[in-house]
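Colleague: Encoded as structure tokens, here's the structure I'll be asking about.
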Amino acid sequence: MCNDYANYVDYDDYLAAFSQTRIPVKWPDAIPNLQPRDDIWPTDKAPVIRRLEDGTNEFTELRWGFPPAKQSASPTERPKAVPKRPPVINFRSEGRRFPVGRCLVPASFFYEFTGSKSPKSKWKFTKVGEPWFCFAGLWRPMPEGGAAFTLLTTDPSPDVAPIHDRQMVILERSNWSAWLQETGNETDLLRALPAGSLEVEQIRP
């Protein structure tokens, strides 16, 4: 499952895209320093457009990955060292409702990896005809302060299936508003794109 994606989107491109789609967004008072990034990894901060509780949308930067669920132990068990669990960076979407905490996660492309030995084969996926796109995501406040996001997943499209058995949900630009502003049905929105929507390139054997 994807644990690495890129973002080369200029701030002006965000302003133009959300103006064209007529999605109202609260933008920062000062222009953020957004550097092109070839690799965004779990626990990194990255741009998102999130739906707030008051019904407005906000551009911000959040950490990728929810904290893992705490493991509960039986009262009769002896305390023992528990391996550290990784953050929740992907979340299965099928059969679930997401009435709150929706967000868009912009990306220029993403990677998948195959093979069992390091370094693994690396595959790059870009959206045909568009320089960038948005994943469907969820965000939530964190107990320690701040907030984080995760990416929703679904069954793979014909473009991704030869490489991986799951994929992140990529929303068509025409569906950004329906997802973000909670006017669209999850079943209709959270599905893989048709065959030929993604260009696939092997960049490391």
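Colleague: If the Cβ limit is 9 Å and pairs must be 6+ apart or interchain, which residue in region 109-128 that is in a loop (DSSP other than H, G, I, E, B) pairs with which residue that is of a type in the set (S, T, N, Q) and surrounded by fewer than 18 Cβ atoms within 10 Å (Cβ to Cβ)?
Modeller: Final answer for the pair search is Gly115/Ser121; Lys120/Thr114.
Colleague: Across region 116-146, what is the number of residues that are aliphatic (A, V, I, L, M), more than 14 Å from the chain's Cα centre (by Cα) and within 25 Å of Ala17 (Cα to Cα)? Working first, answer last.
Modeller: Just the residues of region 116-146 that are aliphatic (A, V, I, L, M), to begin with: 128, 136, 138, 142.
Going one step further and asking which of them are more than 14 Å from the chain's Cα centre (by Cα), we end up with 128, 142.
Filter once more, so that each one left must be within 25 Å of Ala17 (Cα to Cα): 128.
Adding up the residues that qualify gives 1.
Let's see how each residue does on (1) loosely packed, with under 15 Cβ neighbours inside 10 Å; (2) without any contact (Cβ under 8 Å) to a residue 12 or more places away in the chain; (3) not in a strand (DSSP E or B):
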| site | (1), (2), (3) |
| --- | --- |
| Thr153 | no, no, no |
| Pro158 | yes, no, yes |
| Ala161 | yes, yes, yes |
| Trp176 | no, no, yes |
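Colleague: Of the conditions (1) over 25 Å from Ile203 (Cα atoms); (2) at pLDDT 90 or above; (3) surrounded by fewer than 11 Cβ atoms within 10 Å (Cβ to Cβ), Ala136 satisfies every one except a single condition; which number is it?
Modeller: (3)
Colleague: Out of curiosity, is Val48 within 17 Å of the chain's Cα centre (by Cα) and modelled with pLDDT under 95?
Modeller: Details: within 17 Å of the chain's Cα centre (by Cα): yes; modelled with pLDDT under 95: no.
Answer is no for this residue.
Colleague: Here's something else I'd like to know. For region 24-70, what are the residues that are in contact with a helix residue (DSSP H, G or I) (Cβ under 9 Å, 6 or more places away or on another chain), in a loop (DSSP other than H, G, I, E, B), among the aliphatic types (A, V, I, L, M) and surrounded by 11 or more Cβ atoms within 10 Å (Cβ to Cβ)?
Modeller: Across region 24-70, the qualifying residues are Val25, Leu34.
The values are calculated or read from the model by the stated rules, or taken from the named source; none is laboratory data. These numbers come from a predicted model, not from an experiment. Every residue, glycine among them, receives a Cβ derived from its backbone with ideal geometry; neighbour counts consider all protein chains shown.
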